[in-house]
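What follows is a short report on a single structure.
The values are calculated or read from the model by the stated rules, or taken from the named source; none is laboratory data. Keep in mind that this is a model prediction, so the values were computed, not measured. Quick reminder, even Gly has a Cβ in these numbers, built from the backbone with ideal geometry, and neighbours come from all protein chains shown. Heavy atoms of the whole protein, side chains included, go into the accessibility calculation; ligands, DNA and RNA do not. Shrake-Rupley method; radii C 1.70, N 1.55, O 1.52, S 1.80 Å.
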Amino acid sequence: MIYDVATFIRIQQVERHRTGPWITFGGSNPGALSVWTRQWFPDLVLGVVSSSAPLQAKNDFYEYLEVVGDVINRTSPKCHDRTGEAFDRIRKLSNNPDDEKSSRKSLNILWTWQTCNEFGYYQTTDYGRGIFGTALPLNYFIIICERVFGVAM
């Protein structure tokens with residue numbers, strides 16, 4: 001993705017004569033992408049506006065779901081409870097990692113290539129409390145990335 005941004009900027013400079021300074025911006029993951037693009041290509045990106053960007057990438061990014069759970073609970077306790085029930089169902093369906101194909105079909109989950117191949121940090125439930133329970137530990141994502149995309153962690 002970082003090279004995609006750099007390529008986009010270069011094409012704009014050459015084909016559309018947009019040669020002024022570039023400022024990238026984004027929130028959350030796009031914010032991190034903006035910062036990393038500036039770090040890798042300071043000759044192309046003059047500045048960055050980044051909000052809530054997880055810049056210190058780590059595999060076990062359980063803090064993300066802690067915040068999400070708190071926000072859901074403050075916004076709608078009913079939604080909070082239903083989300084917890086849904087994650088209990090996910091945990092029950094995914095108890096057998098050898099049955100990954102039928103679990104994926106049952107859960108209708110789309111696994112992202114980019115997270116497995118480029119970012120490498122996952123919104124896990126390893127903190128073990130809250131509405132998300134422990135259904136999605138780090139090892140679950142590592143197994144999925146290895147099986148679906150052939151990415152060894």
Listed by chain and number, the residues whose amide H is under 5 Å from that of V151, excluding neighbours fewer than 5 places away on the same chain and using placed H, are E146
Solvent-accessible area per residue, Å², over the stretch 30-85 with all protein chains present [probe radius 1.4 Å]
63 Å²
Top mean-square fluctuation among V35, V67, V14, Gaussian network model of the chain, C-alpha springs under 10 Å?
V14
Debye sum, Cα scatterers, the chain, no solvent: what log₁₀ I/I(0) at q = 0.10, 0.20 1/Å?
-0.48, -1.21
In the Gaussian network model of the chain, springs joining C-alpha atoms below 10 Å, which of P30, P21, P54 carries the largest mean-square fluctuation?
P21
Going by Cβ distance under 4.7 Å, what cysteines of the chain have no possible disulfide partner?
C79
Given a 1.4 angstrom probe, I'd like the percentage of the accessible area of the chain that is carbon and sulfur, rounded to a whole number.
53 percent
